[in-house]
Amino acid sequence: MSSILLGSLKQAVRSTTLILLPLSFISLVAWATAGSSTGNTADPLRAAIWFYLIAHHIPLDLAFSNNSLSGSLTFFPIGALLIPFVAVKSAYARLTEERDVKTLREKRSLVMTLAFSYAAIGTLLSLFATGSTVKAPIYFVFPILFLVAAISGFLASNLLPDHKIQLPWQRALRTAWISTIALIGFGGLIFMLSLTWHFSTVLQLTRVIEPGIFGGLAFLSVQILYLPNFAVAALSYLAGSGVVIGSGSWLNPFVHRIEEIPAVPLLGALPIRPHPYLALFILLFIALGALIAKYASQTYSDSTDIRRFMGATIGFIALLTLLCAQASSGELLSSNLPSVGPQWWLMPIALSTEIACGSLLYFGIPILIRKIKESRSSDATNL
């Protein structure tokens, strides 16, 4: 056990270093270009650790002298999670090569040990980087780092149930995973179509910022990392739960309540008025529920297994979309933007309800038709 912990600690240090090195270089270049009034060479390293924490979706409280950069920051790019995923995947691959891991039990143990080591190192780094200007709640740091590393290791180790496993809940998890990815992909497609349609607005917002060449490249990179957030927001909009862009705002196919759009080019894809006909996309989510129900009826012959599978699938979809909605929303350093993105609690309720309706229709309509036929047959016999 000690050798596993030592190896995991070694790979966790390596993974963290691989993340921090490029971030430190970028921070150092920015620090040297902008100049520093204090001349403290530790500032670039602290900034790199801040970006490291942001990449793991750890909430920060900022209190700079500039009021425009003060407040809570919890609206993070989902795309940034690729950074720890790649690092943990590389660490896990090296560990499995060193120890020749084969069984599922050994893989799970390795993933948990690596996640613990990774989270411990990140927590120590956060203690060095946080201070009076930037604070990360210590009670959030370790759990979030552990969760991100564990999920990354879980995916990298290919521990998801495969199609050969017969237990209903395991099939349900795989079905919910595939369905959630498909839903977010569909949301991304709709967002890109809207971005193309409103491209003139996107250009206007870009001109307002005038970031310059270097700033423009950096700003473009950040927006690319935020694309999954907008895909989830588009999905929430189509599901009817809508999105919010600041206090008092709410956008869905029937409601368009927003006073002003922040100068972020990707927000140019937002609709400029209600579009009730877009609510027809809800029929696609209902159809997805019917498709899952058809798969269940073809896979299982026992009604108890079908009910367990459908209940578990809808529950897992609700959980996964809840996590996606939570990860793609948050606060953005302003009293005017206390909430940005999909409403994290409403989106999973809307989607799971629509999918459940589809499954109920799939199973309920044949029963209703059969009862109607039986009733007519009984009436004809009586006559």
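Scanning the chain for chymotrypsin sites (Phe, Trp or Tyr not before Pro) that sit in a DSSP loop and have at most 14 other Cβ atoms within 10 Å, the longest stretch containing none of them is 65-253. P(r) tail for the chain: Cα pairs beyond 33 Å make up 43% of the total. Classification of the range 128-222 by its C-alpha gyration tensor yields an oblate form. The axis ratio a/c (a ≥ b ≥ c) is 1.5 or more, and b/c is at least a/b. No solvent, one uniform scatterer per C-alpha: report log10 I(q)/I(0) for the range 168-372 via the Debye equation at q = 0.08, 0.09, 0.11 1/Å, two decimals. Evaluating at q = 0.08, 0.09, 0.11 Å⁻¹ gives log10 I(q)/I(0) of -0.33, -0.40, -0.57. Compute the Cα gyration tensor for the range 226-322, then decide on rounded, prolate or oblate, letting a ≥ b ≥ c be the square roots of its eigenvalues: rounded whenever a/c is under 1.5, prolate when a/b is larger than b/c in the other cases, and oblate in all that remain. Judged from the Cα gyration tensor, the range 226-322 comes out prolate (a/c at least 1.5, a/b above b/c). Overall, the chain carries a charge dipole of about 920 debye about its Cα centre when +1 sits on the Cβ of Lys and Arg and -1 on the Cβ of Asp and Glu, all other atoms neutral. Bridgeable lysines around Lys373 (alpha carbons under 23 Å apart, same-chain partners fewer than 8 residues away excluded): Lys294.
Largest GNM mean-square fluctuation across Ile209, Ile272, Ile372, computed for the chain with C-alpha springs under 10 Å, falls on Ile372.
Among the trypsin sites (Lys or Arg not before Pro) found in the range 68-169, those both in a DSSP coil and sparsely packed, with 16 or fewer other Cβ atoms within 10 Å of their Cβ, are Lys102, Lys164. Please compute, over every Cα-Cα pair in the range 2-156, the percentage with a separation greater than 19 angstrom. Cα-Cα pairs in the range 2-156 separated by more than 19 Å: 55 percent. Lysine pair count for the range 2-156 with Cα-Cα distance under 21 Å and sequence separation of 8 or more or different chains is 5.
The distance between label points at Leu283 and Cys357 comes to 1.3 nm (points 7 Å beyond Cα on the Cα→Cβ vector).
Relative contact order, whole percent, for the chain stands at 19, derived from Cα pairs under 8 Å and 6 or more residues apart.
Only helices enter the 222 nm calculation for the chain: every DSSP H run of n ≥ 4 contributes -39,500 (n - 2.57), and dividing by all residues gives -23500 deg cm²/dmol, rounded to 500. Globularity index of the range 178-242 is 1.28 (Cα radius of gyration / 2.2 N^0.38 Å, N = number of residues).
Taken together, the values in this text are just the output of simple stated rules run on the coordinates, not laboratory data. Not measured: the values here are computed from a predicted model. Cβ coordinates were reconstructed from backbone atoms using ideal geometry, including for glycine residues, and neighbour counts include every protein chain displayed.
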